[in-house]
Structures are given as C-alpha cells and as structure tokens.
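> Shown below is the structure under consideration.
The values are calculated or read from the model by the stated rules, or taken from the named source; none is laboratory data. This one's a predicted model, so the numbers in the text were calculated from it and none came from an experiment. Note: ideal-geometry Cβ built from the backbone for every residue, glycine included; neighbour counts use all protein chains shown. Ligands, DNA and RNA are stripped out before the accessible areas are found, and what is left, the full protein with its side chains, is counted by its heavy atoms. Shrake-Rupley method; radii C 1.70, N 1.55, O 1.52, S 1.80 Å.
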Amino acid sequence: MIKVVFPDHLMPNTEGVRETEVDCDSYRSLVRELEKRWPGIEDVLAKTAVAINGQIYQDAWLETIEPSSEVFFMHRIEGG
Amino acid sequence: MSKLHVTTSVNGQPEEVLCEPHQSLLDVLRDELGLTGTKEGCSTGDCGACSVTLDGRLVCSCLVLAAEAEGKEVGTIEGVANPDGLHVLQQKFLEHAALQCGICTPGFIVAAKVLLERDPNPDETTIRYWLAGNLCRCTGYDKIIRAVQDAATELAHEA
Amino acid sequence: MAEAHDLKVIGTRPVRPDGVEKVTGRANFGADLYLPGMIHGKVLRSPYAHARIKSVDVSGALAMEGVLAAVSRSDFPEETDDLGQNVIARDKVLYHGHAVAAVAASTPLLAEQALDAIKVDYDVLEPVLSIDQAIADGATLVNEQMHTNGDASQPASNIAAITKFERGDAEKGFAEADVVVEGEFRVPMAHQGYIEPHACTATINEEGKITVWCSTQGHFDVRTQTAAILGTSISKIKVIASEIGGGFGGKLSVYLEPLAVKLSELSNRPVRMVMNREEVFRATGPTSATWCKAKVGAKKDGTITAATAWLSYEAGAFPGAPVGPGCMSVLAPYDLENFSIEGLDVLVNKPKVAAYRAPGAPQAMHAMECVIDDLARELGMDPIDLRLKNAADEGTQAPYGPKFPAIGLKACLEAAKAHPNYTAPVPEGCGRGVACGFWFNIGMQSSAEVLIREDGTVIINEGSPDIGGSRASMCLMAAETLGIPYDRINAHVADTESTGYCNMTGGSRTTFATGMAVVQACEDIIAQCKERAAMTWDIDADQVDWDDGQAVPKPGVNADVDPLSLADIAKTWGRTGGPILGRASVNAQGAGAGFSVNWTDLAVDRETGKVDVKAYTAIQDAGRAIHPAYVEGQMQGGAAQGLGWALNEEYIYDDNGVMENAGFLDYRVPVASDLPMIDTQIVEVPNPTHPYGVRGVGETPITAPLAATSNAVRDALGFRVSELPMSPPRLLEAIDSQEG
Ligand code: FES
Ligand code: FES
C-alpha cells in the first residue's frame, strides 16, 4: 500500500479526502485507481506536480512506485 | 519638416547623415548608421546603456540631438577594440565574468574607458561613483568593479 | 555521479563563447534587427485603471499618410484567455497602460502621432488599488465573473483563490511555546527591471508563414502564446530568439508579438515594436505587492513548536499571483510539526503580475524570516544557532508535503557561522541582519543536438536563451563529458525550427535540465564514436573505452592500435557510416531545492533616513558550480535586486491607479555607488539526479536579501520597520515617530 496525500486545493476533487491508501506499483496505475474513485481527477492531476518519496516530478507518468512509498500531490512550481 | 545634414566623425571615420531635427544621436547611430552596439534602456538619461563619447566627453547619446554631433568626434563601443584585438577593458570584462545578459556592457565599457583615460589609478569608490550612471540589473556590480580595477592595473603595467 | 576531484573542466572559469560579441557591441538584442521595408509599431494604452470600452475606432489613424496598419480588439479572435486579454483589452481595460489598439507606420514618431487619431469611448469605473480595498465588503469587482476558487455558489469576489497548507495543530503548538512572536509586513509591487525593454520584429509571407525575432526567455513559449492569441497554428510560426538583455521572469509572456504579427499581416511589411521604459513599467509584469502576517512560537531552548502565516498577494488584473509558491516556501527552511498557512490571490486594477525570480518566495519569506529574527532576539539566541536548531535536512518533511532529499541548508548555516564576515564583530554604528533563502528549482523539457565538424570540433544546438552565461556552462559540461578542451566547443541557441522543443529559461532550470540534455547528447556521441572505433579496429564496440577524449581498446583487449580522437574519427567517418551527430531530450525531474544564508552589515543615518550597506555576504548551495563565476554572479545579482527592493524600489500609485514613478529616475534600482562588494561562498551538496550534481542557482539568491536587510535595519535602529521599501522618507518617519 502506498500513502497518497492531497493538498487543500485538490480536496474539492476528492470529496474532501486529504489522505488515502492505494495499492499500485506505478504512477500510471495510481492515477487509474484514483480516477476510478473520483472520476475526473485524472485531468486535474495532469496539471499537478507530485512528490514520490521526496523527489518532485512535474510529470511522473513513467515512474514506478515502490511499496510503502509516500506520494504527495502539490502545486506545480514555475519560476522566473 | 526638412531634414538636417550632419557631418560628423564616428570612431575616426567621417560620416554624413540626414536626420530629423528631433532625432537623438542614439537613434541616428542605431537606425541610420547601423551601429547597434550602443543600446537603449530608457531614452531619458537614466541607464547609461547608450553611453558614447562626444569629443572625448562621456554622454548619454539618448539625450544628445544628432545635430549636436555636427563637426564633433563620436566614439562608440564599436570603436573600442583596436586592430590587434580587444581593449584591455573588454578582455577584463570577459575574464571576470563582468557581464551576464550583456545589454549594459557596451555602456559600461565606454564609460570605464573614459574614466581610465582621466584617472589611470582610480580607487573603488571613484569607480563606483563614475559608473553610477550606468545601470546593471544582473551582476550586482561586484565583478564589473573588479574588471575595471584589474584593467587599470594592467594598463599601468603596460605604460 | 562524477566526484569533484575527478573533474577537469567543470569548476573552472573560462571566457564565455558569446563573450567577444557582447563586449564589442556585435551581439544582436531584441531591438537590433533591421529588415528591408521594415516599419514601426506602437501601442495605444488605456489612460484609465478601470473602464468599460464602449468603442474603438482606428480609422482616423489609418487615414494618416505613412500609417500602414492599425489593429484593435476586433482584429483578434473573441475567444481568448487571460493572456490574450492582457495583450489587447476586450470589454474592459483593467489597468492604466492596458493595450487597447496598435498602429504601424513608416517611422516610430509617426506611429506615436497616429495613436492620437484613434478614438476610444470609455465608461470609466472605480479602480480597485489595494488588497485592503479589494477584500473589503462591497468592493468594486475587477472581474464580475470571478468567484473564489471557482465556487459559483458564492458571490463574485476579488479573491480569485484561497490556498491552505496545514500540519499538526498550530494552536496546541503555540500553547506549548514559552515565547510567541508575531508581525505584519507589507512588501511593495516591484519590477524585474531588466535593462533591455521588450522588443520584437515580425514578418509574414504570402503563404501566411510568420517569422518573429524577439527578446524572450522562451521562444517556444512565444510560438505557443502567439499562435493561441492569433487563433493560428504553431506550425505557421517560427520564432528566433535574439540575445536577451535580462528577464528575471518578466520575459516569459508575450506582450507585443501578436500585435506585431497582425500589423505585419495588414501592412504586408516587417513590423518592429519596441517598448519604451515607461511602457515596461506600466504594462509588463511586475511582481505582487503583498500583505503578510507571520507568527512563531518556541520553547526556551529555541525549538519551534508552531508557526502560522497569512499571505495575501496582489495578482494585478488577472488571477495568478505567485501565492502558491509563497505558501510553499514560507516555512521551507524549517522542520516543523505544527503549522498552518493561508494564501490569497487578489485581483486589483494593476498590471498582470509576471514571474520575478523565485516568484512569490521573497515576500513570504521576508515576513517569516523577520519573525524568526525577532524570536532569536526574544530568546537571546544567535540567529544562525536558532535556525540550525530548527533547520530542515535530508528526510525532513517539507511544509509542502514531501520529504527533502539531500539539501544544503545546514551546510550553508554552518559555513555562515564559520565565515570571517560573520565571526567579525558588527562594525561600530551598524546593524547586522541574517536570513535564510530557498527555492524549489524546476526541471522540465529540454533538447540538445551535438554536431561534430569534420575537424572534430563540436557545436551544441539547444533551445535555452542565454541570459547569464549558460552557453559557457553547456560547453563546460560537454567538454567534461567528451574529454576534449573547452575551446573546441561552441554552443548555439537555435530557433524553434532548428532544435528540439525546449521550455523557457526560467525556474533555474537551464544548467540543470538543458545541461542534462547536453550531457546525454555527448554520451550519444561517445557511444557512436566507440562503434566507429570498433569498426576501424575490427573489434566489438563493447571492447572500446572512451578515455580522455579518445577511443581506446578496453584494458585486456588484444588490439595493437593507436587511440582515436574525435578528430581522428571525424577524418574517416565517410567510411564508417557518415557524419556523427548526437542528440538527447529530457523531461528532467528532481531539480533539487536550493537553500542559502545571507547577512548584511549596514548603518542608518538617523538624520536623513538613508541606509548605507557596508557589507553583504551570500552563501548558497549550488549542488555543483559548473562555472563558479557565473554562479557567484547570480548570487551577487540577486542580492543587489533584493537590496533594491528592500531599500528603494516600489510602484507608487495615485488615487486613479496611475503609476507616478514609471522611469528609472524615480523607480530607483541600485547603482554601483549604492552597493559594497558582495561576498559569496558556494557550498556544494551535489544533487543526485544530475550527472554532475547541479542544482538551479538563479532564483534562490533573491529570497533572503529582503529579510536580511530588514533584520539589519531592525538591529541598527532598535525597532522594526515592517513596511518595505525602507526608503529614506519612510525610515525618517519611523525614526521620528519612535523618538517623538
Ligand atoms: S538609453 Fe540613454 S541613458 Fe538610458
Ligand atoms: S549584465 Fe545584464 S544588465 Fe548588466
């Protein structure tokens, strides 16, 4: 099981859920599972950055996720 | 409005241009003579990017009317390097990484050259005040000041 | 990752490849292009900060001799996003200086005069000019359609979004604290202040093929944005990035390019548009003015038990203030169990804010780092010791969620404590102020092609406009990877049709991400060279090593041959398969956060209110400095911008929303005589995701100076001034009211 945490601004898309657990082994399977729970969230996540065990990805599409990882969705950072 | 006929010398070359009475020396250098090394940052005399010399005196070319260059010697960044290569200041700006974006660089080099001609051994404060009319937003001035100091030292050795 | 002691060229300070062009005036910046038949465009700007446009009539301008085209909103697709509405106003003008129409004429002066012949009928509305006004009950609405967080069940509001971050229980944390300090701070709207104004030239041919030359941080973005605003396809547009005279985040969005293209289309001439300095101030993106509250509680030993922050940011006329990153950075240097952060994105009738170096972080961190400084004072602790006690480290859960990988904050703090400028006593009559800085840094997409000439010299093609010496960094990384001398390599910023897609130069990503692409493209070259050598020697490619710029047989391989250099391989490439070119593209992840510690010693003249900055020191973790002089330059430049913002720079508005100081005379950026030398120390805690350990370095430098300066003024005066800039009149007023 991996722990998934949503920031405040995504909670309207998760019926107010901040933290959940998902059984998955890749970012793609994680997103599929979340989309099953909360239809429409995939599009929102496509515009969101994510940190997997501390490593920040603007786009994590190809990443695998080890068991007992922590996944944090977060605002995408831009820059000057 | 009829155009004015201006005879001047730019970097030692005689030039004749037709210009509008309102046109600045900066506009004429850039638009009529194609000398775009002199930059425009403000056109109000506040940034120094347009620094050139007029009869050896440092001026903001955006504040000088082209007609005022009649019969005078104009010096621009394009005239700073000599036939054997870069001027010491140019070399030192490169070695000290005294430019980041480089838009301010021509103005600084022209201004610093006039300084070193007048005062071959300026201290840090003198350099800072002399260059206070040239804005640089990238470097924080540190490396520019060091480049000028180093150029002064090298010129003193050469002399 | 290569260890520092193995590196031969990385970490040296060679002359940049584009240097000679830039010290001789040869380099072409945005306004330096001349095309035959070129004419000049100018923009008509709104004289009101807030008004409804009833009609725009450009016919008067078009009737003038020498005027070749004029455009207004009706020339652009009606369906458009915020950026499109910023480039040309639709129903309403939303700030003083908002573009309403544009003309192109044979001379710049004529174009200027033609603007007077355009008739615009306005219904003037009341402007909203501050956060206080915008969030007050019954405030005038900047955008009647705007609902907070898109929640249409609530009434329309000037608050575009509210963001929250929370962990633990802040109230409980404060209850456990021995000391609680708090403060309220205002930071003014400030401009990036790049010395080169926005400039572009556009032309369009009979097939509708558009070419744009412009000064930009991202020519691929110019292509995307221009196509969207014009309602055309990106395949019709080629963008050539000129040299760029500074950006700092301000040259990421288009302002002129779509107008220039449209004017070119209508006039059938190349059209050049160059802003003047006043337009740059009034109508391009400054950064947010902010109103922030911060509070921290700690135990007697300095352990912070709780922190809260309320951060409100002016977005200008369209939503999108950098308050998200403000919330995420405000507590980033600290390891905390209990905190809550709230951020507001607030619309006002001022220009749409743009990114400015670590967008959003300096303002929020100013508030928190001032309060942390007050906490150190209350506790009687050294400000660096207090920070060390609470500093985030590898494994700390960042306030914005994830756990930090290896970071260099503690290394910077320890370096600061040991630095001679810190161990030296504060000079007589001066105050000293310390602050931490932080920026996330980003990766994103980059491409690089490495071309080999017949003589074995190397050309790098990439798509990141070089604002501060990045070509030199690319050449250094390529030289290191290929094992050849730096001076055999040149780097070229190619146009949108000559290199693979590349995101902008911004977010401190260029040396990290484009650098990664360059390193990988060089590795591609090496792999091919090994194959060519193997072919030449009749052995297998896996029996070949690349050593010091040459193909050699692996130890133990029985081949009596001379090593083959790039030049040797190039000489005979005709018989081994033809020319060699390498390529790589990345969507780089794991940019690696950058931390810093800054301090300054300064004196305040109590008679005049003038601050004299005596010394400034910046220490920053660069991961690994590829060209240390340009890393130092970033640190020094960021410090200077931060000092300017802290001490002098601000947008001053009158009651009608007109900026009163739209020029460098009155918007005073630091000049050489305002500043001391800026001492730097680069700390290197390598970023494991980059082949040479690079972290971005461009933005972190501006995140600490505001608070360091505030804290030094606090130390010098004995009381805190909570509103920036601490300009002479403001300090004098503060001193008088303290003494009076
Ligand atoms: S352009 Fe002349 S001083 Fe700025
Ligand atoms: S190097 Fe960019 S303004 Fe000086």
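> Check B:Ser24: other-chain or 5+ apart residues with amide H under 5 Å from its amide H, H built from backbone geometry?
Amide H neighbours of B:Ser24, under 5 Å, 5+ apart: B:Ala66.
> May I ask you to compute the full-extension gain from C:Asn587 to C:Arg453, defined as 0.36 nm times their residue separation minus their alpha-carbon distance, rounded to one decimal in nm?
Fully extending the segment from C:Asn587 to C:Arg453 adds 45.4 nm.
> Could I ask something else about it? Could you compute Rg(Cα) / (2.2 N^0.38 Å) for the range B:4-79, with N its residue count?
Expressed relative to 2.2 N^0.38 Å, the Cα Rg reads 0.94.
> How large is the convex hull of the C-alpha atoms of the range C:518-613 per residue, in Å³?
Here the figure is 231 Å³ per residue.
> Residues of chain C: accessible area per residue at 1.4 Å, in Å²?
Heavy-atom accessible area per residue stands at 34 Å².
> Per chain C: cysteines with no other Cys C-beta under 4.7 angstrom?
Lacking a cysteine Cβ partner under 4.7 Å: C:Cys292, C:Cys327, C:Cys370, C:Cys412, C:Cys430, C:Cys436, C:Cys475, C:Cys502, C:Cys522, C:Cys529.
> With every protein chain present, what accessible area does C:Lys42 have (1.4 Å probe, heavy atoms only), rounded to the nearest 10 Å²?
40 Å²
> Please list the non-local residues whose amide H lies under 5 Å from the amide H of A:Arg76, H modeled 1.01 Å from N, same-chain partners needing a gap of 5 or more.
Under 5 Å from the amide H of A:Arg76 lie the amide H atoms of A:Ala49, each far enough along the sequence or on another chain.
> Chymotrypsin sites (Phe, Trp or Tyr not before Pro), restricted to the range C:501-555: which are DSSP loop and have at most 11 other Cβ atoms within 10 Å?
Loop-located and lightly packed - none at all.
> A follow-up question, please. Once you average over the residues of B:90-99, how many Cβ atoms of partner chains fall within 10 Å of each Cβ?
6
> Let me ask something additional. Kindly sort C:Trp439, B:Trp130 by accessible area of their heavy atoms, largest first, with the probe set to 1.4 Å.
B:Trp130, C:Trp439
> Any idea of the total accessible area buried by the C-A contact, 1.4 Å probe, rounded to 100 Å²?
1900 Å²
> So what are the three principal axis dimensions of the range C:1-139 from its Cα atoms, in whole Å, longest to shortest?
68, 53, 26
> Moving on to the next point. Beyond a 22 Å Cα-Cα separation, which of these cross-linked pairs lie in this structure: B:Lys3/C:Lys22; A:Lys3/A:Lys36; C:Lys172/C:Lys410; B:Lys72/B:Lys143; B:Lys3/B:Lys72; A:Lys3/C:Lys164?
Beyond 22 Å: B:Lys3/C:Lys22; C:Lys172/C:Lys410; B:Lys72/B:Lys143.
> Okay, next question. Which whole-number value in Å² is the accessible area per residue of the range B:4-79, probe 1.4 Å?
Value returned for the range B:4-79: 39 Å² of accessible area per residue.
> What number comes out for accessible area per residue over the range A:2-74 if the probe is 1.4 Å? Units Å², please.
49 Å²
> Work out, in µm²/s and without decimals, the Stokes-Einstein translational diffusion coefficient of the range C:443-587 at 20 °C, 1.002 mPa s, Rh from Kirkwood over C-alpha pairs.
Diffusion coefficient, whole number: 139 µm²/s.
> In addition: Where does each of C:351-359, C:133-141, A:48-56 land if you order them by average Cβ count within 10 Å, highest first?
So the peptides C:351-359, C:133-141, A:48-56, ranked by packing, come out C:351-359, A:48-56, C:133-141.
> Please compute the contact order of the range C:46-201 in relative form: average sequence separation of alpha-carbon pairs under 8 Å and at least six residues apart, divided by the residue count, as a percent.
22 percent
> Sticking with this structure for a sec: What is the interface area between chains C and B, defined as buried accessible area summed over both chains with a 1.4 Å probe, reported in Å² to the nearest 100?
Answer for the C-B pair: about 4000 Å² buried.
> Can you tell me the Rg and Dmax of chain C, counting just the alpha carbons, in angstroms?
27.4, 91
> Sequence gap at least 6, Cα distance under 8 Å: using those rules, report the relative contact order of chain C to the nearest whole percent.
15 percent
> While we're looking at this one, here's another question. Where the convex hull is taken over the Cα atoms of the range B:83-125, what is its projected area averaged over directions, in nm²?
For the range B:83-125, the mean projected area of the Cα convex hull comes to 3.7 nm².
> Pull up the DSSP beta bridges for chain C and report the antiparallel fraction as a percent, rounded to 5.
In chain C, approximately 75 percent of DSSP beta bridges are antiparallel ones.
> Next question, about the same structure. Taking the Cβ-Cβ separation of C:Met535 and C:Glu733 as r and a Förster radius of 60 Å, what is the calculated FRET efficiency to the nearest 0.05?
Once rounded, the FRET efficiency stands at 0.15.
> Related question: If you roll a 1.4 angstrom probe over the protein chains with everything in place, what fraction of the accessible area of the range C:148-209 belongs to carbon and sulfur, to the nearest %?
C and S fraction of accessible area: 46 percent.
> Each residue of the range C:511-519 in order: what ³J(HN,Hα) in whole Hz does its phi give by Karplus 6.51 cos²θ - 1.76 cosθ + 1.60, θ = phi - 60°, with x for Gly and Pro?
5, 5, 7, 5, x, 4, 5, 5, 4
> So what are the ³J(HN,Hα) numbers for the range C:532-547, from phi and the Karplus equation (6.51, -1.76, 1.60; θ = phi - 60°), rounded to whole Hz, Gly and Pro as x?
5, 5, 4, 4, 4, 9, 6, 10, 7, 4, 6, 9, 10, 10, 10, 9
> Can you give me the solvent accessible area of A:Asp59 with a 1.4 Å probe, rounded to the nearest 10 Å²?
We get 70 Å² for A:Asp59.
> Which value results for Rg/Rh of chain B when Rg is the Cα radius of gyration and Rh the Kirkwood radius based on the inverse mean 1/r?
Taking Rg over the Kirkwood Rh, I get 0.98.
> If I compute solvent accessible area with a 1.4 Å probe over the protein chains, what percent of it on chain B is carbon and sulfur?
49 percent
> I would also like to ask the following. Please report the antiparallel percentage of the DSSP beta bridges confined to the protein assembly as shown, to the nearest 5.
Around 80 percent of the beta bridges assigned by DSSP in the protein assembly as shown are antiparallel ones.
> Where q = 0.10 Å⁻¹, what log10 of I(q)/I(0) comes from the Debye formula for the protein assembly as shown, counting one point per Cα?
Listed by q, the Debye log ratios stand at -1.27.
> Same structure again: Hey, if we sort C:Val557, C:Val597 by accessible area with the 1.4 Å probe, largest down, what's the order?
C:Val557, C:Val597
> Within 13 Å, Cβ to Cβ, of B:Ala98, how many net charges do the neighbouring residues add up to if Lys/Arg are +1 and Asp/Glu are -1?
The answer is +2.
> Find the eigenvalues of the gyration tensor of the Cα atoms of the range B:88-158, then list the square roots of 5 times those eigenvalues as equivalent ellipsoid semi-axes, largest first, in whole angstrom.
They are 18, 13, 10 Å, listed largest first.
> Additional query: Cβ under 15 Å from C:Thr211's Cβ, C:Thr211 left aside: what net charge do those residues give with Lys, Arg +1 and Asp, Glu -1?
In short, +1.
> Quick one: if you stick a label point 7 Å off each Cα along the C-beta vector at A:Lys3 and C:Lys610, how many nm between them?
With each label placed 7 Å out from Cα toward Cβ, I get 5.7 nm.
> What part of the accessible area of the range C:9-107, given as a whole %, is carbon or sulfur when the probe is 1.4 angstrom?
Here it works out to 49 percent.
> Please return the longest range in chain C lying between exposed loop sites, taking GluC sites (Glu not before Pro), DSSP loop only, at most 13 other beta-carbon atoms within 10 Å, and leaving the sites out.
So the longest stretch without any such site is C:208-427.
> Convex hull over the Cα atoms of the range A:2-74, averaged projected area in nm²?
4.0 nm²
> Show me, for the range C:388-404, the HN-Hα J-couplings you get by feeding each phi into the Karplus relation (A = 6.51, B = -1.76, C = 1.60, θ = phi - 60°), rounded to Hz, glycine and proline as x.
Per-residue couplings from phi come out as 4, 4, 10, 5, 5, 8, 3, x, 5, 7, 4, x, 8, x, x, 8, 5 Hz.
> Hey, another quick one. Can you give the average number of partner chain beta-carbon atoms within 10 Å of each beta-carbon in peptide C:660-673, as a whole number?
Counting other chains' Cβ atoms within 10 Å and averaging over C:660-673 gives 5.
> Please list C:Leu109, C:Leu602, C:Leu44 from largest to smallest accessible area, probe radius 1.4 Å, with all protein chains kept in place.
Output order, biggest surface exposure first: C:Leu109, C:Leu44, C:Leu602.
> On average, how many beta carbons from a partner chain sit within 10 Å of the beta carbon of a residue in C:101-109?
Averaged over the peptide's residues, the number is 1.
> Further, regarding this structure: Give me, ordered by chain and number, the residues 5 or more places off C:His98 or on other chains with an amide H under 5 Å from its own placed amide H.
Here C:Ser46 satisfy the definition.
> Among residues other than C:Ala591 whose Cβ falls under 9 Å from its Cβ, what is the net charge (Lys/Arg +1, Asp/Glu -1)?
Counting the neighbours of C:Ala591, the net charge comes to +2.
> To the nearest 0.05, how large is the calculated FRET efficiency for B:Asp123 and C:Asn661 if R₀ is 41 Å and r is the Cβ-Cβ distance?
It comes out at approximately 0.80.
> Excluding residues on the same chain fewer than 8 positions from C:Lys554, give the lysines whose Cα lies under 23 Å from its Cα.
C:Lys8, C:Lys530, C:Lys571
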